[in-house]
Every structure is written in C-alpha cells, then in structure tokens.
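Novice: One structure is given below, represented as structure tokens, and several questions about it will come after.
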Amino acid sequence: MFTRRHALGILGAGIIAPRAYAQARHVYDLTPIQIADGMWMIEGSTDYFSMQNGGAIVNIVLIEGDSGLILIDSGPSLRYGEALASVARRLDLRGVSAVINTHHHPDHFFGNQVFADKPILSLGETLSAAVSDGDAFADNMYRLLGDWMRGTEVVPPTQVISSGEVTIDGRSFTALPLGGHTVADLAVLDRQTGTLIAGDLVFYDRAPTTPSADLEIWQASLNELEAINAAQLVPGHGPVDKTRAAIPQTRAYLSWLEHTLRNAAREGLDMIEVMDTTLPAEFAGMGAQPQEFHRSVSHLFPGIELQELPRGN
Amino acid sequence: MFRKTVVGLSCALWAQGAFALDDPKTKLDDPMKSGMWDYHQVELLGDPEVIRFDERVIVRGPVSAEDSLNVPLLVDATGIDNVKRIVISADYGPIPHILTYYPEQAEAKLGLRFKIDQGTAIRASVETNDGQWFVGSTYIDAAGGGCTAPAHAYASDDWEEKLGEIHGRLWAASGRARVIVDHPMDTGLAGNIPVFIIQNLAFESDSGDLLARLELFEPVNEDPAFSLYFEPGTLTGPLHVKGRDNNGNRIRGLLAEGDTH
Ligand SMILES: [Zn+2]
C-alpha cells in the first residue's frame, strides 16, 4: 500500500521544506515544571496540531519511582519521545522506568517507540484500539505534521494495568478505568501527592476533542473524577488545575455541545449551517476554537440527527 | 485524535496521467488552478458554449475533511435565476460526478454529504433554462481513502433490514426539508463489493407534482442526507419521497411537518 508516510520516506524532507531549514526547526523544546514533590509536568500547547508545534499539544507527567521516572503519556512522535527521554535523564540519571498510556489517541502514545524496552501499561481496550487504529492515526499524523513524524512507528502498550490500587515501580496509584472521551480512558491518582492525572477526560481552557467520544459515558466519568476531590488535577490538555475548575468547565462545554447539536437537528439545520454557530464567550476563548467545534459537528451531528429526526417510512 | 479507520490506495492517481484533450470551446481561467477543470468542463458538462465562473454560485464545505466518508457541502445558487440543474463534482477522485440536482419548485440550494478521496476542488456547475452555465468552487483538503473504503454498513449485519429506511421532516415556516435514506452507497471501488447506489430520488407534493429531484452517483455518502430549501411558508402538505437504487429496490417515504423526537 502506498501511503503518505512512504512518500515522505522515499522523497525525503525536501518536499516539505529545504533540508537545513527542516533540521533547524524540527526540535521539541520540552521544559519540565515541578508540580509536586517528585512530580513534573510538560505542558503542551493548547493549539491544534500544526507544522509549528510539531504536535506537542499534550500534557506529559513524570513521576519518581524506585528505579527511575514513571512516564504518563509519551507524546506524538519518535522525535518527541527522544526529547522526553533526555528530559527524564536530566531529572533522574536512570531515565524512564515505566510508561502509562491514558488512552489510544496518537498524541498520547506515539512516543512509545523510544521506551519499547520498558513496561508500557494501559487499559485493555486502549491496547486493542491502539493496534486497530494505529496505522490510520499514523497516516493522519504524517499528513498534519510532515517531517516532525519522521521514523515514527506505532508501538502499542504492552501490559494491561489492573484497576484500583496498583504499585508501579514502587509508587502507589489508584487506577480508574473510565471512558467517554474514547472507548477506554485511564485516570490515575497519585496517592502520595493527591494529584489526579486525568488524561483527556478533562480539558482546561482548551476545547475538548470528540473523534471517539460517547458524551453520556464521558459525563458519568467526570462525575466520578469530581468525587475524588483531588488536591490538584493535570488535564490532558491545558494548565494544571488547583482550583477544581477544569472538571466543571469540561462538563459545561460537553453539555452545551450536545444541547446545541440536538437543537440544530430539531430546527432542520444542515451541518455547514451548524458550523456557523457563534460560540458562547465562555467557550470561544478556549484553545483550538472554533476548529474543535467544527470537528465535533462532523463527529457527532450525523448520529444525533438520526436520533432526533422522525421516521419517514 | 482522528476517527478515520480507513486507508486506501490513492484512487486519483489516474487523474495525474496526461490526458490528450482538446481545449474546451470556451476556455476559462480556473480560480482553483486545479489542472483538471478543462477536462470536466468537456466530459461532465458536455463542453457548453456559454460558461463562466461566477461568485453567485456559493459552494461551502469545511477547509479540511474531518471524516472523508461524510464531508458536508452546502451549495447555494439562489443568486442565479431560472436554474434548471446543478451538477456537483470533485476535480480529483476516481468518480468525479457526485450528483445532479434539479430544483424544479425548490430553491437552487442544497445541503449534502459526500465521500472525498484526496484534497480537491469541489464544483457546483449551474445550468439555467436558457443553456448558460455558471460555476462555483471551493477547495477541501482530505487525508484520502473516502472512495476506496468499504461502507461502514458491512461492519454490521442488519444493513439489509434497514435498507431504504428514511428519517426526516419538513419545517414549512422556514421552508426546509431534511431527508436521510439508509443505503450503503457502495462505489464498486472497494474490494470485490459491486456498485450498489441509489440512482434517483424525487420529491412530490400530495397531488403528485414534482417539487425537486436528484440524480445520485457513487461519491454520495453512505446513508445519503439532503437539505432542500423552499420559499418559507409555501410547503402546504407533506413531501413524498420516491426513489430507486441500481438493484431495483424502491425507496418510498413521507416527510411531514411535526415534532422531532
Ligand atoms: Zn484524546
């Protein structure tokens, strides 16, 4: 099969940009911020994937374990994974000891390749979804990010994490098997610091994405996360939340989204007309808007419309 | 971040081959510079004498196709009088012709969804009753695979029961009609699955008057979904939907004013 990835491999970077220019630009500048004792976060851009940000739009968490750093999510590409590995070695000479993938979206696990010799843990359905959707995700990522993706191969997680109280590299976590953003979304509570790493179940000041979403299940997951009353929360995208604002914000956006799409279907609007909807001020300022709203119309409107329109035969 | 689960051989490679083609009778300056327009002007529209690009033909789609199997498009040619038909097509793709709309009593405006195979110019070519053509364009980027991917329907085994199922209704006050017909719309380009498409859909009044009709081709999306627009307040009764696919299955339905679920 001839794909864009192969085209890139055959033709080289010259088709995207002059080689020197490409090499100068395709460097991830990852800065770890300490967010708790023995815990660092690399905060992603709140924009959509672009040739400028190289797909570094995701939050990564590094946590001290007994034999190295436990990495939660691994970023969008091989090159990103390599940059992560060197950040980890600067924080702890022993580097990364284990990897957890919160879910199977490519910006969260395409750096796995670099850590293939370590245990890579996820929920069981995340593992199978990464296997079945990985190649199609990769083709899209090559299209969106071009040479940033050079050499990236899909490396799915290798071990299924059990739910509840788990110990990974000597550190205790509560693993919460949830869903709704995708078929399986893992949230992890670090027992020692009370930090909840929520994956993409929670977005903060960045529009939630819905390509694999089930809104009802997602809302139920948010309720479970809120009940934890974590000391602080790391969303999948957006800044760390110490004021318990991120979960209500994500919930409010998803509620508004569903309500807006249902109303549009009841009024007989066409998808392009729905995309013209003016976003309320509280959501218009989120990162990656109105792009994510437009994407959500594509993902969700056809299904909602079928539910709302009566049978005609 | 993407739902796309299909990857196909780029089925538009054929279009990059050189075509031995005489210039059209009326050579236009294509605002999209796609390199394929001359060919479609001759092959698809029959090389008309009087034709031009015209901004009154508005073609609206997303900048980039999020789901290559379901790309929304809104064509609005209400700025042109006496519209006979609107030919909607993609410059690059294994089957360029998406559909032809005959608005008849409806406004020259149509909402639809289609399968896209790669980034391409999309055209709406409007023919008026006196034989003049007016063409509008937009460009939609895409990852590819839309035309050569098998229909979702084959992932489930109840597709035969749902074949021809219609959802939809009218909104007389705003002059809208919306219809979705359950159908795999197989292009014949995926694996060994033969072409299986709805070929025509007509919309009639209670008294049997033809209000609008559509000729569909392979690139129309699985479970075709259309928005029709009438002058607000003029739709008095229900709309009868009548159609047929290439296997001879009849499609029958009724769109009525009424409550959505
Ligand atoms: Zn995600």
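Condition check ((1) more than 17 Å from A:Ser74 (Cβ to Cβ); (2) in contact with a Lys or Arg (Cβ under 8 Å, 6 or more places away or on another chain); (3) surrounded by fewer than 23 Cβ atoms within 10 Å (Cβ to Cβ)) across all residues:
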position: A:Gly170; (1), (2), (3): yes, no, yes
position: A:Leu176; (1), (2), (3): yes, no, yes
position: A:Gly180; (1), (2), (3): yes, no, yes
position: A:Leu196; (1), (2), (3): yes, no, no
position: A:Leu201; (1), (2), (3): yes, no, no
position: A:Asp205; (1), (2), (3): yes, no, yes
position: A:Leu233; (1), (2), (3): yes, yes, no
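Novice: If you go through region A:261-301, how many residues are outside any helix (DSSP H, G or I) and among the hydrophobic types (A, V, I, L, M, F, W, C)?
Specialist: 4
Novice: Continuing with the same structure: Got a sec? Which of B:Gly253, B:Gly237, B:Gly243 is touching an Asp or Glu at 6+ places or on another chain (Cβ under 8 Å) and of a type in the set (Gly, Ala, Ser)?
Specialist: After applying the criteria, what remains is B:Gly237.
Novice: List the strands (runs of 3 or more DSSP E) that sit entirely inside region B:170-261 and contain at least 1 residues that are acidic (Asp, Glu) and within 14 Å of chain A (Cβ to nearest Cβ).
Specialist: Qualifying strands (runs of 3 or more DSSP E): B:198-204.
Novice: Could you list, in sequence order, all residues of region A:247-276 that are more than 10 Å from every other protein chain (Cβ to nearest Cβ) and among the charged types (D, E, K, R)?
Specialist: Passing the criteria: A:Arg251, A:Glu258.
Novice: Something else now. If you scan region B:62-105, which residues turn out to be under 13 Å from the mean Cα position of the chain (by Cα), outside any loop (DSSP other than H, G, I, E, B) and under 21 Å from A:Asn140 (Cα atoms)?
Specialist: Passing the criteria: B:Val71, B:Pro72.
Novice: Inside region A:221-246, can you point out the residues that are under 21 Å from A:Tyr48 (Cα atoms) and more than 14 Å from chain B (Cβ to nearest Cβ)?
Specialist: Hits for region A:221-246 are A:Val234, A:Pro235, A:Gly238, A:Pro239, A:Val240, A:Asp241, A:Ala246.
Novice: Follow-up question, since we're still on this one. Just name the residue that is nearest to the other protein chains (Cβ to nearest Cβ) out of those in region A:108-135 that are more than 18 Å from A:Gly236 (Cα to Cα) and within 15 Å of the ligand (Cβ to nearest atom).
Specialist: Looking at the filtered set, the residue picked out is A:Asp133.
Novice: Please indicate, with yes or no, whether at least one residue in region A:277-285 is within 7 Å of another protein chain (Cβ to nearest Cβ) and among the polar types (S, T, N, Q).
Specialist: No, there is no match, as no residue in region A:277-285 is within 7 Å of another protein chain (Cβ to nearest Cβ) and among the polar types (S, T, N, Q).
Novice: Could I ask something else about it? State all residues of region B:132-169 that are at pLDDT 70 or above and away from chain A (no Cβ under 12 Å); if no residue qualifies, say none.
Specialist: B:Gln132, B:Trp133, B:Phe134, B:Val135, B:Gly136, B:Ser137, B:Tyr139, B:Asp158, B:Trp159, B:Glu160, B:Glu161
Novice: Follow-up. Only one of A:Leu300, A:Leu233 is at negative phi, touching a residue at least 60 places away in the same chain (Cβ under 8 Å) and not hydroxyl-bearing (Ser, Thr, Tyr). Can you tell me which? So that I can check it myself, show each step before the final result.
Specialist: Working: A:Leu233 fails: touching a residue at least 60 places away in the same chain (Cβ under 8 Å).
Among A:Leu300, A:Leu233, only A:Leu300 is at negative phi, touching a residue at least 60 places away in the same chain (Cβ under 8 Å) and not hydroxyl-bearing (Ser, Thr, Tyr).
Novice: Give the residues of region A:170-204 that are part of a loop (DSSP other than H, G, I, E, B) and of a type in the set (Val, Ile, Thr), sorted by residue number. Spell out the reasoning first.
Specialist: As a first pass, look at region A:170-204 and keep what is part of a loop (DSSP other than H, G, I, E, B): A:170, A:179-184, A:191-194, A:204.
Within region A:170-204, A:Thr182, A:Val183, A:Thr193 meet the criteria.
Novice: In this structure, is A:Thr193 away from the ligand (no atom under 12 Å from the Cβ) and either free of Cβ contacts under 8 Å to residues at least 12 places away in the same chain or in contact with a Cys (Cβ under 8 Å, 6 or more places away or on another chain) (or both)? Reasoning before the result, please.
Specialist: Details: away from the ligand (no atom under 12 Å from the Cβ): yes; either free of Cβ contacts under 8 Å to residues at least 12 places away in the same chain or in contact with a Cys (Cβ under 8 Å, 6 or more places away or on another chain) (or both): no.
Spelling it out, it is not the case that A:Thr193 is away from the ligand (no atom under 12 Å from the Cβ) and either free of Cβ contacts under 8 Å to residues at least 12 places away in the same chain or in contact with a Cys (Cβ under 8 Å, 6 or more places away or on another chain) (or both).
Novice: I'd like to verify a number: residues in region B:52-76 that are away from chain A (no Cβ under 14 Å), of a type outside the set (Asp, Glu) and surrounded by fewer than 21 Cβ atoms within 10 Å (Cβ to Cβ), how many?
Specialist: Going through region B:52-76 one residue at a time, the tally reaches 3.
Novice: Same structure again: For region A:286-299, what are the residues that are touching a Leu at 6+ places or on another chain (Cβ under 9 Å) and within 14 Å of chain B (Cβ to nearest Cβ)?
Specialist: A:Pro290, A:Phe293, A:Ser296, A:Val297
The values are calculated or read from the model by the stated rules, or taken from the named source; none is laboratory data. Bear in mind that the values here come from a model prediction, so they are computed numbers and not experimental data. Please note: Cβ atoms are built from the backbone with ideal geometry, for glycine as well, and neighbour counts cover all protein chains shown.
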